[in-house]
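Here's the structure we're looking at; comments come further down.
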Amino acid sequence: MTDPKGASAPRRRDAAGSRQALLVAARTLFNERGFDRTTIRDIGELAGLDPTLIARYFGSKSGLYLAILRTDFAAEEAESPRDLFDRERMIELLDRVQRRGPGPVVASALRADGDPSVHDEALAAFTERLVDPLVRRLESGGVSESRLRAELVAAAFVGVAVGRHADAFPTLSGAPAEQIAALLLDSLGRLEDPSGRAT
């Protein structure tokens, strides 16, 4: 008689191995080509696996991307992520969006008509990486309405970054990230004022 546990163990190992192979292949292709130019078929071919396994393990290409982001976020910074009032952080993110596009975290977070689980995960990642660090900064400075202010800063930043990438505003798209960051920080910095007054 076959041991059910022994029979199921290889399948679990294969599933874990297949999932990891898809993550590795997807990370490689997303880094080389970006999210939009990477297809599910490309990922499956590089991993040496049936691309339909992506739907089984991750739900969709966006779900796979978000799984990679969760892994990368965990390894990226041992400390809390820097907030958007950090000039270098803002420049870094502006450059990244300009090169790669807004990516599925922002796209999925702003869309209410997609996969609900991906949407929820994207919102959680978006909040954790962009909003929460600002909330902590503002609260430590005794600023009132800290979450509202943090969300305003994040919303303004995302609008600028996405509009710049899409060439919706030609002058904005042509301006260097350093100049945009300086102007944004000058404008949004008043939200750090505990009194709520413009500085």
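Where a number appears in this text, it was derived from the coordinates with a stated rule and is not lab data. Bear in mind that the values here come from a model prediction, so they are computed numbers and not experimental data. All Cβ positions, even for glycine, are placed from backbone atoms using ideal geometry, and neighbour counts span all protein chains on display.
Of the GluC sites (Glu not before Pro) in segment 135-192, which ones lie in a loop per DSSP and count no more than 12 other C-beta atoms within 10 Å?
Passing both the DSSP loop test and the Cβ count: Glu145.
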Over segment 79-199, what relative contact order in percent results from Cα pairs under 8 Å that are six or more residues apart?
30 percent
Per 10 angstrom bin, beginning at 0 and ending with the bin that holds the maximum distance, the Cα pairs of segment 14-152 fall in percents of 11, 36, 33, 14, 5, 0
Please order Tyr65, Tyr57 by the number of other Cβ within 10 Å, starting at the fewest.
Tyr57, Tyr65
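Do any trypsin sites (Lys or Arg not before Pro) in segment 99-199 lie in a DSSP loop with no more than 15 other beta carbon atoms within 10 Å, and if so, which?
Sparse-neighbourhood loop trypsin sites (Lys or Arg not before Pro): Arg111, Arg197.
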Dipole axis of segment 79-199 (+1 Lys, Arg; -1 Asp, Glu on Cβ), positive-most option in Val118, Gly174, Val162
Gly174
Given unit charges at Cβ for Lys, Arg (+) and Asp, Glu (-), the dipole magnitude of segment 79-199 about its Cα centre in debye, nearest 20, is 260 debye
